[in-house]
């Protein structure tokens with residue numbers, strides 16, 4: 001079974017721009033969660049989608065948004081990029097309603113200059 | 001106070017040593033307890049998860065949960081250089097996972 005895939009793997013953007021990241025979960029998984037990972041803060045939860053509905057949200061500003069499509073693929077958007085948004089963005093998929101058994105993709109490394 | 005506390009290390013051990021990695025938590029509502037391994041520039045990989053207090057073994061890895069003390073551990077027996085990575089504890093509750101900051105482990109040949 002193919003794992004979680006994320007595109008693109010690397011991205012360089014300028015302050016003020018916006019960016020869209022994509023995640024394809026493991027086939028059959030309905031839950032997709034997004035995380036931001038930085039050396040200082042570790043892994044921080046952004047939001048989780050289950051069957052196209054946002055089920056939970058972390059403590060991030062409204063510039064961070066996401067959506068999930070009917071095929072469970074998910075996108076994350078960050079508008080008006082700031083230097084502090086430079087991070088590894090990870091998505092994780094889970095099969096069931098209780099999304100504790102999460103499988104991560106390789107991440108998208110975003111650099112904001 | 002953070003919900004999950006994990007010693008960041010780094011932890012350096014000789015090959016063959018027993019490694020003990022630990023996390024403490026404050027919220028008794030956490031129901032599932034996971035351990036992830038993350039190699040440099042890769043996504044975290046789920047090693048194992050447990051639900052109840054007690055031990056769970058998988059090969060060289062043993063996860064231990066003590067809900068009364070709010071303390072979880074991961075033991076690695078016969079550590080190998082390939083175990084060199086960052087280990088993250090993760091706790092699930094209220095439909096979301098909260099991660100520890102990770103412990104960087106180096107196993108020296």
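The values are calculated or read from the model by the stated rules, or taken from the named source; none is laboratory data. These numbers were taken from a predicted model, which means no experiment stands behind them. So basically every Cβ, Gly included, is an ideal-geometry build from the backbone, and we count neighbours across all protein chains shown.
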**Study point:** Flag for residue A:36 being more than 24 Å from residue B:101 (Cβ to Cβ) and not in a loop (DSSP other than H, G, I, E, B)
**Key:** no
For the structure I just gave you, tell me whether residue B:57 is touching a strand residue (DSSP E or B) at 6+ places or on another chain (Cβ under 7 Å) and either free of Cβ contacts under 8 Å to residues at least 24 places away in the same chain or within 14 Å of another protein chain (Cβ to nearest Cβ) (or both). no
Within region A:73-101, the count of residues that are within 13 Å of the chain's Cα centre (by Cα) and in a loop (DSSP other than H, G, I, E, B) comes to 1
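Quick grid of which residues meet (1) loosely packed, with under 15 Cβ neighbours inside 10 Å; (2) touching a helix residue (DSSP H, G or I) at 6+ places or on another chain (Cβ under 7 Å); (3) touching a residue at least 24 places away in the same chain (Cβ under 8 Å); (4) within 11 Å of chain A (Cβ to nearest Cβ):
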| residue | (1), (2), (3), (4) |
| --- | --- |
| B:76 | no, yes, yes, no |
| B:86 | no, no, yes, yes |
| B:96 | no, no, no, yes |
| B:108 | yes, no, yes, no |
Inside region B:9-43, the number of residues satisfying the requirement of being in a loop (DSSP other than H, G, I, E, B) and more than 9 Å from every other protein chain (Cβ to nearest Cβ) is 13
Boolean, residue A:93 is at pLDDT 95 or above and more than 13 Å from chain B (Cβ to nearest Cβ):
no
From the option list A:28, A:58, single residue qualifying as crowded, with 16+ Cβ neighbours inside 10 Å, closer than 27 Å to residue B:31 by Cβ and either within 14 Å of chain B (Cβ to nearest Cβ) or in contact (Cβ under 8 Å) with a residue 12 or more places away in the chain (or both) is A:58
